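To start, the structure itself, in structure tokens.
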Amino acid sequence: MTSDLVSVRYLVDDVAAAVEFYTRHLGFTVRSSVVPAFADVVRGNLRLLLSGPASSAGRPLPDGTTPAPGGWNRIHFVVDDIDAEVARLRAAGIAFRSDVVTGPGGRQIVFDDPAGNPVELFQPAAR
């Protein structure tokens, strides 16, 4: 298997809302769309597979469990100025899970896409 794209699947409640969110706020472009079931968006080498309830990824498992969005696994964007990015997204109405957290490697903050899938902004510590 070879590909220039790294693909990450996110389960979403509303594919159209997810496409709007990622293209408007995070610079993705639409690669393909069969709304309401599925769309994929790309930014650089990252391809997000946005799978709605009508997609094959959203179908119940043999034990009856239905796949759902959310959790804490997340895509991670490195930014030069986290404060500016947070201000830009807050001005656009994006709510964050917390304030910016500072650790040994840098600063980070997490927010959700419209389905509750987390997205992290990270500014590396100055060296």
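The values are calculated or read from the model by the stated rules, or taken from the named source; none is laboratory data. Quantities reported herein were computed from a predicted structural model and do not represent experimental measurements. Here the Cβ positions follow ideal geometry from the backbone for every residue, glycine too, while neighbour counts run over all protein chains shown. Remember, those area values only see protein heavy atoms, side chains included, never the ligands or the DNA or RNA. Shrake-Rupley method; radii C 1.70, N 1.55, O 1.52, S 1.80 Å.
Quick rundown of the values:
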| quantity | calculated |
| --- | --- |
| Subset of the stretch 3-28 that is open to solvent by 80 Å² or more (accessible area, probe 1.4 Å) and of a type outside the set (Asp, Glu) - its residue that is farthest from the chain's Cα centre (by Cα) | Ser3 |
| Where a residue in the stretch 14-30 is closer than 8 Å to Arg43 by Cβ and its partner, wherever it lies, is open to solvent by 50 Å² or more (accessible area, probe 1.4 Å), with Cβ under 6 Å and at least six apart | Gly27/Arg43; Phe28/Arg43 |
| Any hit, the stretch 85-92, residues being under 14 Å from Phe21 (Cα atoms), in a loop (DSSP other than H, G, I, E, B) and under 18 Å from the mean Cα position of the chain (by Cα) | yes |
| Residues (under 22 Å from Val15 (Cβ atoms) and buried (at least 16 other Cβ atoms within 10 Å of the Cβ)) located in the stretch 78-93 | Leu89 |
| Residue that is of a type in the set (Asp, Glu), farther than 30 Å from Arg127 by Cβ, at pLDDT below 95 and assigned to a loop (DSSP other than H, G, I, E, B), where the choices are Asp4, Asp63, Asp99 | Asp63 |
| Residue count for the stretch 35-54, restricted to those that are free of Cβ contacts under 8 Å to residues at least 40 places away in the same chain and in a loop (DSSP other than H, G, I, E, B) | 5 |
| Unmet criterion (only one of (1) modelled with pLDDT under 90; (2) among the aromatic types (Phe, Trp, Tyr); (3) in a strand (DSSP E or B)) for Phe122 | (1) |
